[in-house]
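J.: Take this structure first; my questions come after.
The values are calculated or read from the model by the stated rules, or taken from the named source; none is laboratory data. All figures in this text were calculated on a predicted structure; none of them were measured in a lab. Here the Cβ positions follow ideal geometry from the backbone for every residue, glycine too, while neighbour counts run over all protein chains shown. Note: areas computed on protein heavy atoms with side chains; ligands, DNA, RNA excluded. Shrake-Rupley method; radii C 1.70, N 1.55, O 1.52, S 1.80 Å.
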Amino acid sequence: METSFQKITVFVASPGDTVEERHSLVEVIEELNRGVAADRRLFLELLRWETHAWPGIGTDAQDVINREINIADVLIVILWKRLGTPTGRSSSGTVEEFERVYSQSRAGGKNQVLIYFKTTPYYPSTDDVEQIGKVLQFRQMVEKLGALTWNFSSTTEFRDSVRKHLTQVVRNWTNIGSVSTPPPNSQVGTDLNSLIGGQTAQPSPVGLRTEQFSKLLAGSLELSIDARDSASVERIMSMVEPALLQLKFGTRALRAAQVIIWELLSNKARHGHSNSEVKLEITVDSGYEKKIQIRFTDDDPAFNLNGEIVSSSKRSDHKLRPHGLWRVKQCTSDFGFMTLGESGYAIRCTVLDRVRPTTPFARLNNCRTFIVEWGWPRTIWFDNVPYLGYSIRGDLERGLNPEMGALLDLYFGRGPREVNYLCIHIKGDTVLSELPPFLHEVLCTGIERYFADFFNKRKVLALNEESSDFWSVCREWQRQYDIPIFDDVEGCQRYLDKIIAERRD
């Protein structure tokens with residue numbers, strides 16, 4: 001018996017500097033068509049100008065492509081160091097494709113847009129400097145429109161990410177409803193330059209005018225969910241993005257919350273023993289201290305969470321795929337695990353949406369930055385991720401034990417393979433006598449123990465802006481390891497100028 005399939009067109013728009021990523025989509029589309037798409041009687045057709053356009057005459061090449069290839073159901077935008085050539089109607093062909101699909105979506109279509117930015121380092125030419133500025137302008141524009149963009153550093157990472165994201169598009173395709181039409185003064189479809197800084201449309205949750213979505217917007221959502229029910233999981237995941245965007249949360253916090261919810265539910269679906277029912281609570285504070293709290297309660301006591309955390313760290317050491325909880329840890333500013341007697345366990349995750357403190361060390365490439373912000377709330381920043389003062393107490397204490405040192409990698413990650421410096425920045429007047437014992441241990445000896453390799457190789461820079469108490473710790477580091485320490489930003493800046501100049505020479 002013949003079976004009918006619904007076709008979903010997927011167009012890839014990108015300049016010529018992302019050829020490998022464009023080609024990798026062929027494999028991804030074929031894989032999805034053999035699996036999740038076929039199960040739902042869907043068929044993905046990959047549209048590229050190289051394969052679906054033909055010679056013709058128009059005002060320019062993009063005009064020909066526009067007439068020969070209809071607006072796609074799904075647009076994949078890939079950008080790296082170039083935005084492309086202006087078309088006369090827009091800043092580039094890629095931007096024009098985005099404007100076409102976005103306008104169609106805002107007018108009531110089901111169109112989806114997936115935007116990816118490549119972060120692989122490169123040595124820019126003169127032309128690249130101008131182009132990368134345009135890429136950054138485009139990113140600012142789409143994020144003002146409410147877009148959630150995605151970074152990748154390699155073709156493999158891109159392929160893995162887009163496979164996962166297209167899988168979600170396919171799974172949710174029949175549930176996608178219409179969106180409201182754009183307001184009369186909408187600027188969609190105009191040139192990139194007019195969009196920057198102009199009035200932007202608020203992100204509109206697609207098909208989510210539900211009681212649950214309203215509760216999430218109001219600040220608290222509590223529900224029971226079957227982790228193996230893909231439709232229920234997808235419904236929750238589709239709520240999180242528009243709700244957090246509407247509450248003005250930043251991209252980093254939004255992504256972290258999505259990863260945490262997804263990994264916890266996926267973990268339960270894969271490893272649950274007695275049943276797949278769990279309780280999920282999401283609390284959002286969009287006031288002064290912007291944060292997202294996620295509580296995951298499971299009445300299945302058979303799952304050994306602590307064992308999975310430790311084994312995950314070992315798998316990371318051996319470059320094997322780590323457990324999903326490793327990702328949860330990395331995305332969490334405050335992680336708590338509670339055993340509920342014989343009735344299971346609960347996991348509490350807090351994601352902070354805070355602006356990283358300014359530091360002169362940001363000028364250095366390939367460095368890891370450890371910032372202690374002594375304000376309220378007291379926060380430790382490692383690289384670009386904030387951790388609440390009390391959030392990592394248990395694992396920090398265990399991490400100070402050499403046998404458990406790898407556990408800290410669940411929080412801090414391994415960073416770049418070749419790191420030139422560890423930069424320690426103490427901001428605010430840290431009173432050591434008022435510190436909780438664990439935090440006192442972390443600042444006074446924990447940093448030194450955990451990052452012993454940096455200290456022994458004299459690859460540490462320390463800036464202590466205001467804390468008189470912490471100065472004795474810095475002096476001891478200087479005496480024992482002969483590392484430079486600074487008590488003012490200006491002196492630190494001069495030293496960094498010297499380092500950067502030597503690298504150029």
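J.: Take Thr94 and decide whether it is over 27 Å from Glu234 (Cβ atoms), in a helix (DSSP H, G or I) and hydroxyl-bearing (Ser, Thr, Tyr).
T.: On the way: over 27 Å from Glu234 (Cβ atoms): yes; in a helix (DSSP H, G or I): yes; hydroxyl-bearing (Ser, Thr, Tyr): yes.
The answer is yes for Thr94.
J.: How many residues does the range 13-49 hold that are closer than 16 Å to Asp160 by Cα and of a type in the set (A, V, I, L, M, F, W, C)?
T.: 6
J.: So which residues in the range 83-116 are touching a Ser or Thr at 6+ places or on another chain (Cβ under 7 Å) and surrounded by fewer than 17 Cβ atoms within 10 Å (Cβ to Cβ), if there are any at all?
T.: Thr85, Gly88, Ala107, Gly108
J.: Also: If you scan the range 17-27, which residues turn out to be open to solvent by less than 30 Å² (accessible area, probe 1.4 Å) and either small (Gly, Ala, Ser) or more than 17 Å from Asp73 (Cα to Cα) (or both)? Steps first, please.
T.: Start the filter on the range 17-27 by keeping residues that are open to solvent by less than 30 Å² (accessible area, probe 1.4 Å), which leaves 17-18, 21-22, 24-25.
Passing the criteria: Asp17, Thr18, Glu21, Arg22, Ser24.
J.: Same structure again: State all residues of the range 486-505 that are outside any helix (DSSP H, G or I) and either open to solvent by 100 Å² or more (accessible area, probe 1.4 Å) or more than 12 Å from Phe361 (Cβ to Cβ) (or both); if no residue qualifies, say none.
T.: Step one: of the range 486-505, the residues outside any helix (DSSP H, G or I) are 486-488, 505.
Within the range 486-505, Asp487, Asp488, Asp505 qualify.
J.: Suppose the filter is at pLDDT 85 or above and closer than 18 Å to Thr155 by Cα; does Ile115 pass it?
T.: Details: at pLDDT 85 or above: yes; closer than 18 Å to Thr155 by Cα: yes.
Considered against the rule, which asks whether it is at pLDDT 85 or above and closer than 18 Å to Thr155 by Cα, Ile115 comes out as yes.
J.: Just one of the numbered conditions (1) in contact (Cβ under 8 Å) with a residue 12 or more places away in the chain; (2) more than 33 Å from the chain's Cα centre (by Cα) is not true of Val460; which one?
T.: Val460 satisfies every listed condition except (2).
J.: When Asn70 is evaluated against the numbered criteria (1) surrounded by fewer than 17 Cβ atoms within 10 Å (Cβ to Cβ); (2) free of Cβ contacts under 8 Å to residues at least 12 places away in the same chain; (3) not aliphatic (A, V, I, L, M), which criterion, by number, is the only one it fails?
T.: That leaves (2) as the condition not met.
J.: Are any of the residues in the range 80-89 among the aliphatic types (A, V, I, L, M), touching a residue at least 60 places away in the same chain (Cβ under 8 Å), assigned to a helix (DSSP H, G or I) and touching a Phe, Trp or Tyr at 6+ places or on another chain (Cβ under 9 Å)? Reasoning before the result, please.
T.: Initially, the range 80-89 is screened for residues among the aliphatic types (A, V, I, L, M), giving 83.
Still in the list and also touching a residue at least 60 places away in the same chain (Cβ under 8 Å): 83.
Subset that is assigned to a helix (DSSP H, G or I): none.
The answer is no; no qualifying residue exists.
J.: I want to confirm something. Restricting to the range 36-51 and keeping residues that are of a type in the set (Asp, Glu) and open to solvent by less than 90 Å² (accessible area, probe 1.4 Å), which single residue is nearest to Asn70 (Cα to Cα)?
T.: Step one: filter the range 36-51 for residues of a type in the set (Asp, Glu), giving 39, 45, 50.
Now restrict to residues that are open to solvent by less than 90 Å² (accessible area, probe 1.4 Å): 45, 50.
Details: Glu45: 13, Glu50: 15 Å.
This residue is Glu45.
J.: Among the residues of the range 267-304 satisfying the criterion of being buried (at least 17 other Cβ atoms within 10 Å of the Cβ) and basic (Lys, Arg), which is modelled with the highest pLDDT?
T.: Arg295
J.: Considering the range 215-241 alone, what residues qualify as being open to solvent by 10 Å² or more (accessible area, probe 1.4 Å) and within 21 Å of Asn151 (Cβ to Cβ)?
T.: Scanning the range 215-241 gives Met237, Glu241.
J.: Can you tell me which residue among Val77, Val129, Val142 is free of Cβ contacts under 8 Å to residues at least 40 places away in the same chain, among the aliphatic types (A, V, I, L, M) and not in a loop (DSSP other than H, G, I, E, B)?
T.: Numbers: Val77 fails: free of Cβ contacts under 8 Å to residues at least 40 places away in the same chain; Val142 fails: free of Cβ contacts under 8 Å to residues at least 40 places away in the same chain.
Sole residue among the options that is free of Cβ contacts under 8 Å to residues at least 40 places away in the same chain, among the aliphatic types (A, V, I, L, M) and not in a loop (DSSP other than H, G, I, E, B): Val129.
J.: Mind checking whether some residue in the range 438-455 is under 19 Å from Thr369 (Cβ atoms), modelled with pLDDT of 85 or more and touching a helix residue (DSSP H, G or I) at 6+ places or on another chain (Cβ under 9 Å)?
T.: yes
J.: Residue under question is Asn151, and the condition is that it be under 30 Å from Ser24 (Cβ atoms), open to solvent by 50 Å² or more (accessible area, probe 1.4 Å), at pLDDT below 50 and not hydrophobic (A, V, I, L, M, F, W, C); does it hold? Break it down into steps so the answer makes sense when it comes.
T.: On the way: under 30 Å from Ser24 (Cβ atoms): yes; open to solvent by 50 Å² or more (accessible area, probe 1.4 Å): yes; at pLDDT below 50: no; not hydrophobic (A, V, I, L, M, F, W, C): yes.
When the stated conditions are applied, Asn151 does not pass them.
J.: Only residues that are of a type outside the set (D, E, K, R) and at positive phi: list them for the range 211-261, please.
T.: So the first thing to find is which residues in the range 211-261 are of a type outside the set (D, E, K, R), and the list is 212-214, 216-221, 223-225, 227, 230-233, 236-240, 242-247, 249-251, 253-254, 256-261.
The answer is Gly219, and nothing else.
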